[in-house]
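What follows is a set of notes on a single structure, which appears directly below.
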Amino acid sequence: MTKLGLGAAVSMAAAGLTSLAVTWWSSPIDRAVDAGGATDTYFPRLDPVAFAARGIVPMAHAAFAFALGVALGLVIRRTLPAMATTFALYTAAQIAVPMWIRSHLAAADRTVLPIEPDGAPLGIQDGAKQIVAHLEQAPGAWVTSQQTLNAAGQPAPVPSSFADCLHIESGPPTLQQVDRCVADLGALGYKQQVTYQPAGNFWALQWAEAGLYLGLALALTGFCVWWIRRRVT
């Protein structure tokens, strides 16, 4: 038990020092992004790419990874299979939490944006078939979901007329063509509803996710203690 606690402490300390260095180096960038600048060059610290390397979350991740490795080592009792399984399960957790859990760990904000060309918080992705909102009024925010609303305010797909408008046999549409098609879409009353985590929720999400991973680490530690006592007796 002492060795388990010492190993977890060493793992958390190493992750904490790395996170501290990354956070210190990135602090001027974070302030610039949160003030509305540098958004085209750097990820905001709430973005899944950056979030896991900042604050206290890396220490909780390290504790979970260590406890998971020990637990699987006790059960599998073969080094390489246990290491491979630990890597696979830890990677799965690192994918699942940002995709399906993290966005629900703190209260999100929601806004409805008009669909307009030129200067509106809109861009076109995926062959100009999907409208994606960029929140100019919430710098540093993490957009977690978005829906296109029709004139009645109900969720609806982008009408086929939008894709037809953008379809040009001679090649991709020009910026002028895209602006005209977007303007036509807005004229039909379509809007974009965006759900996002504002930049101010960074620490709330950090503490919540750290608590989640530390809880899993404690549960795995309890399992290790139970397993060892069971094997001894």
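Segment R180..L20, full-extension length gain: 52.8 nm, with 0.36 nm per residue of separation and the alpha-carbon distance subtracted.
Provide, in order from the shortest bin, the percent of all Cα-Cα pairs of segment 1-110 in each 5 Å bin, continuing until the bin that contains the maximum pair distance. The distribution over segment 1-110 is 2, 11, 16, 18, 18, 14, 9, 6, 4, 2, 0, given as percents.
May I ask you to list the trypsin sites (Lys or Arg not before Pro) in segment 43-112 that are in a DSSP loop and have at most 12 other Cβ atoms within 10 Å of their Cβ? Listed in order of number, the matching sites are R77, R78. Taking Cα centre as origin and charging only the Cβ of basic (Lys, Arg, +1) and acidic (Asp, Glu, -1) residues, the dipole magnitude of segment 14-81 rounds to 420 debye. Amide H contacts of I115 (H built 1.01 Å from N, in plane; Pro and chain starts excluded): Q192 sit under 5 Å, all sequence-distant by 5 or more or on other chains. Residues in segment 152-233 average 59 Å² of solvent-accessible surface per residue, probe 1.4 Å, ligands and nucleic acids excluded.
Give me the extension gain from Q146 to A35: residue separation times 0.36 nm, minus the current Cα-Cα distance, reported in nm with one decimal. Don't jump to the answer; show the numbers that get you there.
Details: separation 111, 0.36 × 111 = 39.96 nm, distance 2.32 nm.
In short, 37.6 nm is gained.
In sequence order, segment 51-56 has phi-based couplings of 4, 6, 9, 10, x, 9 Hz under the Karplus curve 6.51 cos²θ - 1.76 cosθ + 1.60, θ = phi - 60°, and Gly or Pro positions carry x. Across segment 196-205, computed HN-Hα scalar couplings (Karplus, 6.51 cos²θ - 1.76 cosθ + 1.60, θ = phi - 60°) run 8, 9, x, 4, x, 8, 4, 6, 4, 5 Hz from first to last residue, x flagging Gly and Pro.
The values are calculated or read from the model by the stated rules, or taken from the named source; none is laboratory data. Owing to the predicted nature of the structure, the values given are computational and were not obtained by experimental measurement. Quick reminder, even Gly has a Cβ in these numbers, built from the backbone with ideal geometry, and neighbours come from all protein chains shown. Side chains are part of the model used for accessible areas, which takes the heavy atoms of the whole protein and leaves out ligands, DNA and RNA. Shrake-Rupley method; radii C 1.70, N 1.55, O 1.52, S 1.80 Å.
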